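Take a look at this one; I'll ask things after.
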Amino acid sequence: MSDQSKLIADTRATLSRIASEFSPAVFASSLAAEDMVLTDMILKSGLDIGIFSLETGRLHKETLAMLDKVKQHYGYEIAVYKPQAEAVDAYVAQNGLNAFYDSVEMRKECCRIRKVEPLGRALLGKKAWITGQRRAQAATRTSLMVEEDDPAHFMTKFNPLADWSEEDVWTYIRENGVPYNALHDQGYPSIGCEPCTRAIQPGEDVRAGRWWWENPESKECGLHVVDGKLIRIKSVAA
Ligand code: SF4
């Protein structure tokens with residue numbers, strides 16, 4: 001068995017175990033390439049794992065188009081969770097639409113409102129959740145495990161692609177005809193909200209286009225635990 005075949009077999013086995021031992025479990029898809037690999041595996045295997053996406057209100061049109069692409073390709077409708085309108089309105093009224101450029105605290109507060117709070121709603125009542133994170137993606141992900149405890153949400157978190165390289169991801173996508181976000185062909189290896197993501201140059205780190213005005217160590221949205229510690233989300237008012 002080739003390394004790639006073993007990687008795929010191990011990942012399928014992990015997903016099957018999650019479906020049978022951690023039900024109800026859900027997969028949080030950002031609709032990026034890694035997440036499409038997991039979407040393909042879950043849906044083609046008919047696993048009992050729900051798939052949802054956080055629609056922050058600031059996504060690229062190409063990312064939103066992925067919801068329709070998945071529906072057309074797999075006949076599956078990804079559940080969409082949106083932020084609370086009152087919280088978004090209050091943040092914008094008090095700080096401005098793009099206040100996340102002003103400081104890490106302002107950026108994390110925007111992520112808290114648009115991502116962290118809706119994620120909490122999506123995970124209510126679940127035993128485990130799944131992400132498409134990979135260890136090689138960022139300085140904040142070097143100790144990422146396939147299975148880990150998530151103390152922030154009181155459940156188990158799985159990162160089935162933790163051991164995958166970027167090349168592994170694209171080999172799987174090409175060989176299996178998996179639909180993917182058109183931005184990946186325009187210099188965006190990592191995709192988030194439109195105002196917080198830019199294309200990168202050849203040779204740049206794959207996460208260099210995310211919150212590019214910040215230090216690499218602060219570049220997470222508060223959805224994840226980093227190096228065993230919960231990333232603090234500071235309230236602007238605190
Ligand atoms: S990525 Fe940017 S726009 Fe999206 S929630 Fe975070 S700060 Fe707000």
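Bear in mind these aren't lab numbers, they're just calculated from the coordinates by the rules spelled out. The model shown is predicted, which means the values in this text are computed figures rather than measured ones.
Among the DSSP beta bridges whose two residues both lie in the chain, what percent are antiparallel, rounded to the nearest 5?
Here the antiparallel bridges make up roughly 40 percent for the chain.
Right, something else. Give me the orientation-averaged projected area of the Cα convex hull of region 3-230, in nm², one decimal. Numbers along the way, then the final one.
Numbers: hull surface 47.7 nm².
Average of the hull's projected areas for region 3-230 equals 11.9 nm².
If you don't mind, another one. For region 124-191, just the Cα atoms, rotate onto the principal axes and tell me the three extents in Å, largest first.
37, 27, 20
Now for a separate question. Roughly what angle does helix 61-74 make with the longest principal axis of the chain, taking Cα atoms, 0 to 90 degrees, to the nearest 10?
30 degrees
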